[in-house]
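Comments concern the structure below.
The values are calculated or read from the model by the stated rules, or taken from the named source; none is laboratory data. Source: prediction; values computed, not measured. Please note: Cβ atoms are built from the backbone with ideal geometry, for glycine as well, and neighbour counts cover all protein chains shown. The area values use the complete protein model at the heavy-atom level, side chains included, leaving out ligands, DNA and RNA. Shrake-Rupley method; radii C 1.70, N 1.55, O 1.52, S 1.80 Å.
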Amino acid sequence: MHTVKRAIIVAAGIGKRLRPVTLDIPKPLVPVNGIRMIDTVILGLHENGINEIYIVVGYLKEKFQCLTREYKGITLIENPYYETCNNISSLYMARDHLEEAMILDGDQLILNKRILSPSFDKSGYSAVWTENDTKEWLMKEENGKVVSCSRAGGKDGWQLYSISRWTGLDGKKLKAFLEYEFEEKSNRQIYWDDVVMFCHFADFDLQVYPMQKEDVLEIDSYGELCRLDSDYKAHKA
């Protein structure tokens, strides 16, 4: 068994799909029914004894300073590439902290804190089983091992969510591969998950950490935000 010792929260993006709210607030700091998205992530980590937390910031980075005052153990890492590169750049900037780590997005609502348990067998992603067609990334598993992943989605597989755990050895490999892709190949318009799932898939032995769809909420549009929190309807008008 391994134990998560630290967490990396990716929070550098612009959040264009939540405009106009994100014109002056980074998406992870947007309140939903009275609580900011990133607070649900931080509190979930703290409840599971994970207190060493690195938050990668970029867009409106100064807005995140409040978190270092409100919570202990928070370190902000600036991503200077956030405007021109995909989120591979964010994990690249946090690459020194990948051993025995959990990686999460800051713009999600953690509704079941138990899914952030620090105990894990081997590296892998939290995922939800889906029998219906989905356009989200979909993993196939055999005998406890992830054997493939489809960017185009599909059905009868495990829908990947942005919560993952990495052993010390895999964290070292991930760091090396990030440096190779980002520095040597200038492969900067991909997700960091592409590095694992497609660029160097054979170098990892991954497993699925099952959860339920209602455990996490991802808000992908301003209309969805309005449906979840009626206060934004007035903002829209």
Given unit charges at Cβ for Lys, Arg (+) and Asp, Glu (-), the dipole magnitude of the range 27-146 about its Cα centre in debye, nearest 20, is 260 debye
At what distance in angstrom do the alpha carbon centres of the range 1-68 and the range 117-149 lie from each other? 24 Å
Students often get this wrong: which residues of the range 118-149 have the backbone nitrogen under 17 Å from the point 7 angstrom along Cα-to-C-beta of SER221? 134-136
The simple spin-label model distance between ASP205 and SER117, using points 7 Å out along Cα→Cβ, in nm, is 2.1 nm
Per-pair calculated FRET efficiency, R0 = 25 Å: ASN33 and ASP96 via Cβ, rounded to 0.05: 0.10
On a 1.4 Å probe surface of the protein chains, which of ILE25, ILE88, ILE115 comes out largest in accessible area, and what is the full order? ILE25, ILE115, ILE88
Report, to the nearest 10°, how far helix 37-47 tilts away from the longest principal axis of the Cα atoms in the chain, using its own Cα long axis and a range of 0 to 90°. 50 degrees
Computed from the beta carbon distance with a Förster radius of 41 Å, FRET efficiency for THR84 and ASN132 to the nearest 0.05 stands at 0.70
Note: LYS185 to VAL147 extended length (0.36 nm per residue) minus current alpha-carbon separation gives 11.1 nm
Largest-first ranking of LYS135, LYS5 by accessible area, probe 1.4 Å, whole protein assembly kept, is LYS135, LYS5
Name the residue from SER230, LEU116, ALA101 whose Cα lies farthest towards the positive end of the charge dipole of the range 88-237, charges +1 on Cβ of Lys and Arg and -1 on Cβ of Asp and Glu. SER230
So what is the 222 nm mean residue ellipticity for the chain from helices alone, if each DSSP H run of at least 4 adds -39500 (n - 2.57) and you divide by all residues, rounding to the nearest 500 deg cm²/dmol? -5500 deg cm²/dmol
About the Cα centre of the chain, how large is the charge dipole given +1 on each Lys and Arg Cβ and -1 on each Asp and Glu Cβ? Please answer in debye to the nearest 20. 420 debye
When the chain is fully extended, how far beyond the present Cα-Cα distance does LYS213 get from LEU228, taking 0.36 nm per residue of separation? 3.8 nm
Carbon + sulfur, % of accessible area of the chain - ligands and nucleic acids excluded, 1.4 Å: 45 percent
Probe 1.4 Å, heavy atoms of protein chains only: per residue, the accessible area of the chain in Å² is 48 Å²
Only Lys, Arg, Asp and Glu count, each charged at its Cβ (+1, +1, -1, -1), so figure out the dipole size of the range 86-133 about its Cα centre, rounded to 20 debye. 160 debye
Please provide three numbers in whole Å: the alpha-carbon extents of the chain along the principal axes, with the largest listed first. 50, 38, 35
Nearest 10, in degrees from 0 to 90: the angle of helix 168-179 to the longest Cα principal axis of the chain is 70 degrees
Run the numbers on the chain and let me know its relative contact order in percent, using alpha-carbon pairs under 8 Å that are six or more apart. 25 percent
